[in-house]
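The values are calculated or read from the model by the stated rules, or taken from the named source; none is laboratory data. Only a predicted model underlies this, so the values are computations on that prediction, with no experimental measurement involved. So basically every Cβ, Gly included, is an ideal-geometry build from the backbone, and we count neighbours across all protein chains shown. Just so you know, the surface numbers come from the protein's heavy atoms only, side chains and all, with ligands and any DNA or RNA stripped out. Shrake-Rupley method; radii C 1.70, N 1.55, O 1.52, S 1.80 Å.
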Amino acid sequence: MAGPPFRNGAPHAPGESVPPSIAGALARLGLSTAVLDRDHLRSLGTASSWGTPELQYRDYLHDGLGPGWHLDRPRFDRMLRAAAVAAGAVLVRDRWSSARRTAEGWSLTCHGTRLTADVVVDATGRRAAFGTAQGARRCFADRLVGIAATVPDPDARRHVILESAENGWWYASPQPSGRLTLALLSDADLVRREGWARPPGWLAALRETRHLALPPDEPSLTVRDARSHLLTPSAGRGWIAAGDAAMALDPLSSAGVTLAIESGLAVADLIASGHVDSIRHRQQLRRRFDAYLRQRRDVYRAEQRWDSPFWTRRHEGAVEARHLVLR
Ligand SMILES: Cc1cc2nc3c(=O)[nH]c(=O)nc-3n(C[C@H](O)[C@H](O)[C@H](O)COP(=O)(O)OP(=O)(O)OC[C@H]3O[C@@H](n4cnc5c(N)ncnc54)[C@H](O)[C@@H]3O)c2cc1C
């Protein structure tokens, strides 16, 4: 499980959906879901063929939770950046190229721009670029990758479709543009073995599904790291990780964006209270990751139709971070 199994494709596959709980996270940032209705597409819920060949519908509105949304993710990120700037943040677009600890805090270089900071928040996503540069390591729970294409959507859907397969699972997520993101999730070694990161292999796997249609043209595929990980430690002297950098979950949860916002809010509270490198926070994060691993195993155990490496790994895998190897 060493190193990213594949080079990342586009930083974000365009098709990401968020559950109704995004409303609470946005409200804490002082933002309303009216912007989501304006620029994104309402999501009615999920329809999944998981443990059974038929699609089972779960409608958010029936659950009384309000709608979810299919995001135009670059647009959503632009909205969050604009809100941060409106609240007084200064936006520096470059990546940091060096960071040095000084008596006062940090001295950082962003391609020529010199910055000083009391605290650095590592929000660099699954790479956890700052934390790992400070010596933190990630424990990975799997080798999951997502191979996605954006294709025409003849059905103009509003539900996310999930369909399990012999060595992985698929999702189809509508986009506000009227197109559809189709993605296969499987382990990096299986993807390599089966050639699923190339159009002929990916299309052959798609042909095996029951509920997803083949695109009219050869798809252009992007490959994304989708491994679950916990950064250890998730904070140090004058730095702290937030979002995927601290803890990244299986995309099956559709919770990554919401949890990243909530994690950023929790980190802001820690900074404000002067407890950046708090043992309690680190322990909380570890307990949450352990709880997530148990929940993930239960969800995967609900699918018992295949006795293949992908499912066996998830049915029998470790459910405590201390049993995972640090990389
Ligand atoms: C295949 C797949 C499908 C997914 N589907 C969903 C979904 O439907 N719903 C959902 O809620 N979540 C989904 N997720 C998860 C979701 O994408 C993440 O949880 C979420 O983006 C985490 O946000 P973040 O801000 O922590 O990290 P990111 O969104 O990854 O943002 C990190 C940012 O840091 C920048 N960066 C990286 N390195 C540096 C550096 N050295 N210097 C400066 N900047 C840097 C990157 O360019 C990027 O802009 C999915 C993930 C995958 C892999």
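Is it the case that segment 170-178 has a residue that's among the hydroxyl-bearing types (Ser, Thr, Tyr) and within 13 Å of the ligand (Cβ to nearest atom)? Taking every residue of segment 170-178 in turn, at least one turns out to be among the hydroxyl-bearing types (Ser, Thr, Tyr) and within 13 Å of the ligand (Cβ to nearest atom).
Would you confirm whether or not segment 85-98 contains a residue that is modelled with pLDDT under 95, within 15 Å of the ligand (Cβ to nearest atom) and of a type in the set (Lys, Arg)? Yes, because at least one residue in segment 85-98 is modelled with pLDDT under 95, within 15 Å of the ligand (Cβ to nearest atom) and of a type in the set (Lys, Arg).
Looking at (1) out of contact with any helix residue (DSSP H, G or I) (no Cβ under 8 Å at 6 or more places or on another chain); (2) within 30 Å of Ala133 (Cα to Cα); (3) open to solvent by 50 Å² or more (accessible area, probe 1.4 Å); (4) not small (Gly, Ala, Ser), which one does Val121 not meet, given that it meets all the others? All conditions are met except number (1).
When the residues of segment 189-240 are filtered to those that are out of contact with any Lys or Arg (no Cβ under 8 Å at 6 or more places or on another chain) and within 30 Å of Thr102 (Cβ to Cβ), the one that is farthest from the ligand (Cβ to nearest atom) is Gly236.
Restricting to segment 108-140, name every residue that is at positive phi and within 11 Å of the ligand (Cβ to nearest atom).
To start, the set of residues in segment 108-140 that are at positive phi comprises 111-112, 125, 128, 135.
Matches in segment 108-140: His111, Gly125, Ala128.
Which ones in segment 28-49 are within 16 Å of the ligand (Cβ to nearest atom), open to solvent by less than 40 Å² (accessible area, probe 1.4 Å) and closer than 18 Å to Ser253 by Cα? Of everything in segment 28-49, those that are within 16 Å of the ligand (Cβ to nearest atom), open to solvent by less than 40 Å² (accessible area, probe 1.4 Å) and closer than 18 Å to Ser253 by Cα turn out to be Ser43, Gly45, Thr46, Ala47, Ser48. Taking the listed residues Leu180, Leu162, Leu249, the one that is among the aliphatic types (A, V, I, L, M) and open to solvent by less than 20 Å² (accessible area, probe 1.4 Å) is Leu180, with no other qualifying.
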